[in-house]
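Novice: Let me begin by handing over the structure; questions about it come next.
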Amino acid sequence: MTPKTLARTAGALSLLVLFGGIVGQALIADGMVVRGDAAQTATHIAAQPKLWALGLTFFMFEMAAQVAEVTLFYLLLRPVNRTAALLALTFGLVGATIKTAARGFYYAPLFVVGGADYLKVFSEGQLPALAYLFIRINNNIAGIALVFLGLSTFFKGYLIANSTFLPRFLGWIAMVSGLGWATYAYPALGSAIFYPLVLVAILGLLLTSGWLLMKGVDEERWREQNAKA
């Protein structure tokens, strides 16, 4: 890939990550989970098991795009600072791994509400609570992943801000967004400011992806910085 093609592919993958996350979480999972009501949540999942399972498909799509995205950004940004680029890659891959593992708990309620004979050891009231517990565990582990993904975004922003081939303001937005997600190291704080974090993150992602897709990078400056590195 040329630097410009590399940049445009990374920008497209960023949009795919956003698409997979929005469909899986906002449109499917959040539409079926009733906060604080285990019985109603279990009823929704039991009534539409294929839709709940489709949510996992979109989550896996999201994480596959995330792995590819952080890898391509590493290749694109390593001329700026190889150490920072490697940190961005490593934190991104660790975050994606943790978040992928969390989705096993997302899928687990399908087994709980499936009516299998081995579940008869649980009372009728216990099964919805167990399904809801798995969903909460999924959410909490995904929150842990956000810390690592936030650190990855911060280093990516640092690299963009210090590059000569991309606008500096895109880097500053990414650094603010990354530090915001890192607040999930204290989950109560991250949850309290979740919606402002989402707005900043989506704004930064759309601006960066839009720039990369429409303009790519300044290839001459990229090659100059790569030669110096």
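Novice: Could you list, in sequence order, the residues of segment 92-111 that are of a type in the set (A, V, I, L, M) and over 14 Å from A131 (Cβ atoms)?
Specialist: Result: L93, V94, A96, I98, A101, A102.
Novice: Anything in segment 114-168 that is basic (K, R) and surrounded by fewer than 22 Cβ atoms within 10 Å (Cβ to Cβ)? List them, or say none. Write out each step before concluding.
Specialist: Step one: list which residues in segment 114-168 are basic (K, R), which gives 120, 136, 156, 168.
K120, R136, R168, listed by residue number.
Novice: Would you mind finding the one in L212, L199, L170, L149 that is part of a helix (DSSP H, G or I) and at pLDDT below 95?
Specialist: Within the list L212, L199, L170, L149, the selection yields L199.
Residues checked against (1) open to solvent by less than 80 Å² (accessible area, probe 1.4 Å); (2) among the aromatic types (F, W, Y); (3) farther than 19 Å from A142 by Cα:
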position	(1), (2), (3)
V176	no, no, yes
W181	yes, yes, no
G204	yes, no, yes
L207	yes, no, yes
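Novice: Quick one: in segment 47-73, which of the residues that are aromatic (F, W, Y) and closer than 18 Å to A142 by Cα is most open to solvent (accessible area, probe 1.4 Å)?
Specialist: Checking each candidate, the answer is F61.
Novice: Could you please find all residues in segment 11-38 being part of a loop (DSSP other than H, G, I, E, B) and buried (at least 17 other Cβ atoms within 10 Å of the Cβ)?
Specialist: V33
Novice: Residue by residue through segment 108-129, note down the ones that are farther than 30 Å from T183 by Cβ and either in a helix (DSSP H, G or I) or among the hydroxyl-bearing types (S, T, Y) (or both).
Specialist: L110, F111, V112, D117, Y118, L119, K120, V121, S123, Q126, L127, P128
The values are calculated or read from the model by the stated rules, or taken from the named source; none is laboratory data. Note that this is a predicted model, so its numbers are computed, not measured. A quick note on method: Cβ atoms are made from the backbone with ideal geometry, for glycine too, and the neighbour counts reach across all protein chains shown. Side chains are part of the model used for accessible areas, which takes the heavy atoms of the whole protein and leaves out ligands, DNA and RNA. Shrake-Rupley method; radii C 1.70, N 1.55, O 1.52, S 1.80 Å.
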